[in-house]
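This report concerns only the one structure given below.
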Amino acid sequence: FKKVSPDILMNMVSGSITVQPGNSLWRIARRIFGRGIKYIEIYEKNSDLIKDPDLIYPGQVFAIPTKI
C-alpha cells in the first residue's frame, strides 16, 4: 500500500478515512477528534467492517462519525 498524507485522505471522501500503515483506531481518533478514547465511536459506526478494534488493516475505509 502507498502511504499518502492525511490531508489528502480526509479530502478524498468527506466523512471517511482510509487506514494507512501504522494507523490504529486510537491514533485516528486522536488526530481527528483530539482524544484517542473517541476510537469507540469510530468502532461502533464501522462495527460491520471491524471484527476486532485492535486489528485494522491498511486500505480499509471507515466512516467517521460527524457528531460526538
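The values are calculated or read from the model by the stated rules, or taken from the named source; none is laboratory data. Just so we're clear, the structure is a prediction, and the values are computed from it rather than from any experiment. Cβ: placed from backbone, ideal geometry, glycine included. Neighbour counts: every protein chain shown. All accessible areas refer to the heavy atoms of the entire protein, side chains included, with ligands and DNA or RNA removed. Shrake-Rupley method; radii C 1.70, N 1.55, O 1.52, S 1.80 Å.
Note on region 50-68: residues that are open to solvent by 90 Å² or more (accessible area, probe 1.4 Å) and either closer than 8 Å to VAL19 by Cβ or in contact (Cβ under 8 Å) with a residue 60 or more places away in the chain (or both) total 1.
Remark: pairs (first residue in region 33-49, loosely packed, with under 11 Cβ neighbours inside 10 Å; second residue of a type in the set (Gly, Ala, Ser); Cβ separation under 9 Å; 6+ apart in sequence or on different chains) = ILE37/ALA29.
Candidates are the residues of region 9-23 that are of a type in the set (Gly, Ala, Ser) and open to solvent by 40 Å² or more (accessible area, probe 1.4 Å); the one that is modelled with the lowest pLDDT is SER14.
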